[in-house]
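The values are calculated or read from the model by the stated rules, or taken from the named source; none is laboratory data. Just so it is clear, the structure is predicted and the values come from calculations on it, not from any experiment. Note that we place each Cβ from the backbone using ideal geometry, even for glycine, and neighbour counts take in every protein chain shown.
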Amino acid sequence: MVGCYANGAAAVIMKTASSARMDPCQTNDGRHCLIDKYGFWAKSSFNREIMSLDEGLKELKNYPKSSLFGYMPVITSVTELELNPEKWLAGCQAMEEAGADAIQLDLFYIENLLTIPDFEAKFTGLLKEIITHTRVPVMPKLNIGLPAEYAAYLLKKAGVTYVSLLDSIKSPAPLCFTPECQPLVNKTLLGPGLSLFGSFMLPITRYYTQVLCREGFKVCAGGGVKTAEDIAGLLFLGAETVQIATEFILHGFEHIKELNNRTDELFEKAGLTTPEKIKETGRNLYEPLKKAVTYRTQMKAQWNIEKCIIGKHPGDCYYCAHNSGHANGQAFCERIQYGALKTITIAENCEGCGLCAQLCPHDAIEMVRAGS
Ligand SMILES: Cc1cc2nc3c(=O)[nH]c(=O)nc-3n(C[C@H](O)[C@H](O)[C@H](O)COP(=O)(O)O)c2cc1C
Ligand code: SF4
Ligand code: SF4
């Protein structure tokens, strides 16, 4: 926590703690990891992954809140294995008592959230109970088990203001094939508790951020964040703050400072020097177009006969002409027509979307200014 503070973190979210402990036979499994093209697959047991409440309280109390270190808010994180308000509340109140500045409610470990009988009433009841009986801000942490729009509806109903997102993706172990072409799964990654982290999460994070911010929540957004551009994107979508986990673990405390500096530089170059300006720019960027406005690009596609290899190497060409008559002919755009003598014509009403130019492996279509 001191390392985070010294490197300019706005706040720290502590490792989750819980009063729940699992049966040791389910939990002496150690940790298993795999890195593949999607990111980090990690499996750990609940007892190993989650601190006991006592451990969490001890860590929190150890954090020096003296003027020597300045002040950085500490957000504690609590979890339980069921939606039992008494258990959650006991953990939250103990953390508050020990000096937490805010409390994150980690919902990751409640399996099949939506299938719990009477889920809606139980969930909103739990959140109301915690908010009513704590003084510090309380922020539920979302995961993909709770779809963004439904989460917004439920959290609003419960009177929640702050939201933390997004937790790692629960996913079955990846599959590979042996040299003998036999399907193979890494057995150490089987069973519950497997999580996937990686930059692929960012589009999902962006969506949750957009939905929750649009609905008026104060969002601490993260999940797949790697660069200053990623951070800027989430702030433009309305996030109040951005959180990082994997990047920080990989690159250390200093990385917080680097990301902060790079984000500042980015905003300075864009002339965005206040949070209001950032928010306003974001609103302008992402506000839906007014109904009366029709979006027209200035570009159109132009076919280059010299570069086009249509009919020569079937594996290396999309046969982009609509109704080309080829067995493997693509028909993604009716504005590209296959003419006589293996020629392609692009109709005048080309929208200039650029798809054909991007798809062609031979640069045989380029985008030019309309009217040129
Ligand atoms: C090693 C590790 C431990 C984590 N432990 C917790 C945790 O205790 N509580 C929690 O809410 N999220 C935990 N997370 C999830 C992160 O907070 C975050 O939601 C997720 O990793 C996606 O963000 P990232 O792409 O920045 O890693 C953990 C992530 C990692 C990589
Ligand atoms: S323009 Fe490109 S993708 Fe389309 S037919 Fe020619 S080579 Fe194939
Ligand atoms: S794919 Fe887009 S750019 Fe290409 S011809 Fe069709 S409308 Fe024009």
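Would you point out which residue out of G233, G224 is touching a helix residue (DSSP H, G or I) at 6+ places or on another chain (Cβ under 7 Å), within 18 Å of A148 (Cβ to Cβ) and in a helix (DSSP H, G or I)?
G233
Being more than 13 Å from ligand 1 (Cβ to nearest atom), modelled with pLDDT under 90 and more than 30 Å from A121 (Cα to Cα) narrows it down to one residue among S44, S66; which is it?
Only one candidate qualifies: S66.
Quick one: is L142 within 30 Å of A90 (Cβ to Cβ), free of Cβ contacts under 8 Å to residues at least 40 places away in the same chain and crowded, with 18+ Cβ neighbours inside 10 Å?
no
Among the residues of segment 332-351, which ones are more than 12 Å from ligand 2 (Cβ to nearest atom) and aliphatic (A, V, I, L, M)?
A340, L341, A347
How many residues does segment 238-268 hold that are touching a helix residue (DSSP H, G or I) at 6+ places or on another chain (Cβ under 6 Å), within 21 Å of E215 (Cα to Cα) and either β-branched (V, I, T) or within 16 Å of ligand 1 (Cβ to nearest atom) (or both)?
Here the count works out to 2.
Could you figure out which of (1) buried (at least 18 other Cβ atoms within 10 Å of the Cβ); (2) of a type outside the set (D, E, K, R); (3) farther than 27 Å from S171 by Cα isn't true of G222?
Condition (3) is where G222 drops out.
Hey, does segment 94-110 have a residue that's touching a residue at least 60 places away in the same chain (Cβ under 8 Å) and in contact with a His (Cβ under 9 Å, 6 or more places away or on another chain)?
So far as segment 94-110 goes, no, none of its residues is touching a residue at least 60 places away in the same chain (Cβ under 8 Å) and in contact with a His (Cβ under 9 Å, 6 or more places away or on another chain).
Anything in segment 52-86 that is among the hydrophobic types (A, V, I, L, M, F, W, C), within 29 Å of E129 (Cα to Cα) and either out of contact with any Asp or Glu (no Cβ under 7 Å at 6 or more places or on another chain) or not assigned by TED's automatic domain parsing to the domain that holds L114 (or both)? List them, or say none. Spell out how you get there, then give the answer.
Of all residues in segment 52-86, those among the hydrophobic types (A, V, I, L, M, F, W, C) come to 53, 57, 60, 68-69, 72, 74-75, 78, 81, 83.
Still in the list and also within 29 Å of E129 (Cα to Cα): 53, 57, 60, 72, 74-75, 78, 81, 83.
Result: L53, L57, L60, M72, L81, L83.
Residue under question is G145, and the condition is that it be small (G, A, S), over 21 Å from the mean Cα position of the chain (by Cα) and at negative phi; does it hold?
It is false that G145 is small (G, A, S), over 21 Å from the mean Cα position of the chain (by Cα) and at negative phi.
Given the options L212, L154, L126, L184, name the one that is assigned by TED's automatic domain parsing to the domain that holds I244, under 22 Å from G39 (Cα atoms) and either assigned to a strand (DSSP E or B) or away from ligand 2 (no atom under 16 Å from the Cβ) (or both).
L184
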